[in-house]
There are 2 protein chains.
Amino acid sequence: MSDRDQSLPHTVSGASNSGDALPPIGEHARQYETVRNAHETELIEDYVELIGDLIQHRGEARAADIASRMGVSQATVSKMIRRLNELGLVTSKPYRSLFLTEDGQKMAEVSRTRHDIVLHFLRALGVNDHTARIDAEGMEHHVSNETLSIMQRFIDQQTQR
Amino acid sequence: MSDRDQSLPHTVSGASNSGDALPPIGEHARQYETVRNAHETELIEDYVELIGDLIQHRGEARAADIASRMGVSQATVSKMIRRLNELGLVTSKPYRSLFLTEDGQKMAEVSRTRHDIVLHFLRALGVNDHTARIDAEGMEHHVSNETLSIMQRFIDQQTQR
DNA sequence: CATAATTGTTAGCCAAGGCTAAACTATTTG
DNA sequence: CAAATAGTTTAGCCTTGGCTAACAATTATG
Ligand SMILES: [Mn+2]
Ligand SMILES: [Mn+2]
Ligand SMILES: [Mn+2]
Ligand SMILES: [Mn+2]
């Protein structure tokens, strides 16, 4: 509870969606379904992305570092590493540090790129860096490629002029 | 797999975050923590928001409608309603339709407002309505009030001129 | 109004993602 | 090089949010 709840929600200007009719049932259901699907992959993506970052910036990814950066117990990380292994995203020998497989590297790169676009977009919009980092960490997993393209275009406009 | 993955991720123009140093450990951990916290409340918020919408647009909120709109089994809804009850967000008599408590109405309104801002913002940005609805459903739970204000300002600019 | 259809509930299952405590391995250091 | 410290894994627990199948209640219909 710090920066995230200082100002109260506003009233929406323009047409309020509350006034609109509900979407057709099938479409409505598909919206929630998409969110549920994103939730299944997002933790995985964050782990893989973080492992990639650690390797790149630290030379190696150790479970203890992942745990402290994630803000989670080492046991939790250990369990997750087993899952990443089963998914073919990392390779690991017991008590040694981790490596990303081909697939893992690909996922790390895609996630990192998407994360960066969302972060840069928020900053370009005028959001404070600290807040932007927090918001981006959650939002990134729920942004379609269409929206991503538009965000990228927006960044370009703000940046080179 | 439809509209959400047609165009490939781009290269980030401008400074890439991958090049930046990792954030200090404590801050990094707090980012993920914020996301975990959001995940704890988001389903609840969506249920309450949907119940509010159903009452408003249909006159009542029945479990079967919630199930079909959420794209989930009735058993799942039944179980969730018990939770909402325990949390003091809804009142319900067995086999009857639902009502929001004071707290529930408040949460529904706050969620609905935030949802609308995100949706209107995406449309104002130029995102296709269909995609915007999908993205908004997930993004809404990860947007700080700071970002929300900025989104609102952006909507106002685009709208009244 | 009796039966059929719809709606709601309960029981029991499962996977994911947290945790603590205990055991084990590796690394550092006196 | 032995002992202490740091890092990793395992076991076992918990909650959340899904599911199916069986049962119960309500509502609609012939
Ligand atoms: Mn990320
Ligand atoms: Mn993330
Ligand atoms: Mn919503
Ligand atoms: Mn939502």
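Per-structure values
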{"read-out": "Selection within region A:14-42 - among the small types (Gly, Ala, Ser) and modelled with pLDDT under 95", "value": "A:14, A:15, A:16, A:18, A:19, A:21"}
{"read-out": "Index of the failed condition, residue A:93 passing every other in (1) more than 10 Å from DNA strand D (Cβ to nearest atom); (2) out of contact with any Leu (no Cβ under 9 Å at 6 or more places or on another chain); (3) basic (Lys, Arg)", "value": "(1)"}
{"read-out": "Single match in A:117, A:155, A:150 (criterion: closer than 30 Å to residue B:152 by Cβ, of a type in the set (A, V, I, L, M, F, W, C), at the interface with another protein chain (Cβ under 7 Å from one of its Cβ atoms) and touching a Phe, Trp or Tyr at 6+ places or on another chain (Cβ under 7 Å))", "value": "A:155"}
{"read-out": "Any chance residue B:107 is more than 12 Å from ligand 4 (Cβ to nearest atom) and under 28 Å from residue B:85 (Cα atoms)", "value": "yes"}
{"read-out": "Residue B:83 vs. criteria within 16 Å of DNA strand C (Cβ to nearest atom), within 12 Å of chain A (Cβ to nearest Cβ) and of a type in the set (Lys, Arg)", "value": "no"}
{"read-out": "Any chance residue A:78 is without any contact (Cβ under 8 Å) to a residue 24 or more places away in the chain and within 13 Å of another protein chain (Cβ to nearest Cβ)", "value": "no"}
{"read-out": "Whichever residue in region B:23-68 is over 30 Å from residue A:131 (Cβ atoms) and not aliphatic (A, V, I, L, M) and, among such residues, is surrounded by the most Cβ atoms within 10 Å (Cβ to Cβ)", "value": "B:65"}
{"read-out": "Leading residue by the ranking (most open to solvent (accessible area, probe 1.4 Å)) among those in region B:84-127 that are free of Cβ contacts under 8 Å to residues at least 60 places away in the same chain and polar (S, T, N, Q)", "value": "B:105"}
{"read-out": "Residue A:138, sole failed condition from (1) among the small types (Gly, Ala, Ser); (2) away from ligand 3 (no atom under 16 Å from the Cβ); (3) at the interface with another protein chain (Cβ under 7 Å from one of its Cβ atoms); (4) on the phi < 0 side of the Ramachandran plot", "value": "(2)"}
{"read-out": "Contacts under 6 angstrom Cβ, first residue in region A:42-55 being more than 9 Å from chain B (Cβ to nearest Cβ), partner near ligand 1 (Cβ under 8 Å from one of its atoms), 6 or more apart", "value": "A:45/A:111; A:49/A:111; A:49/A:112"}
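The values are calculated or read from the model by the stated rules, or taken from the named source; none is laboratory data. It should be emphasised that the depicted structure is a prediction, and the values quoted were computed from it without experimental measurement. Ideal geometry is used to build each Cβ from the backbone, glycine not excepted, and the neighbour counts take in all protein chains shown. Heads up: the accessible areas ignore ligands, DNA and RNA and are worked out on the full protein's heavy atoms, side chains in. Shrake-Rupley method; radii C 1.70, N 1.55, O 1.52, S 1.80 Å.
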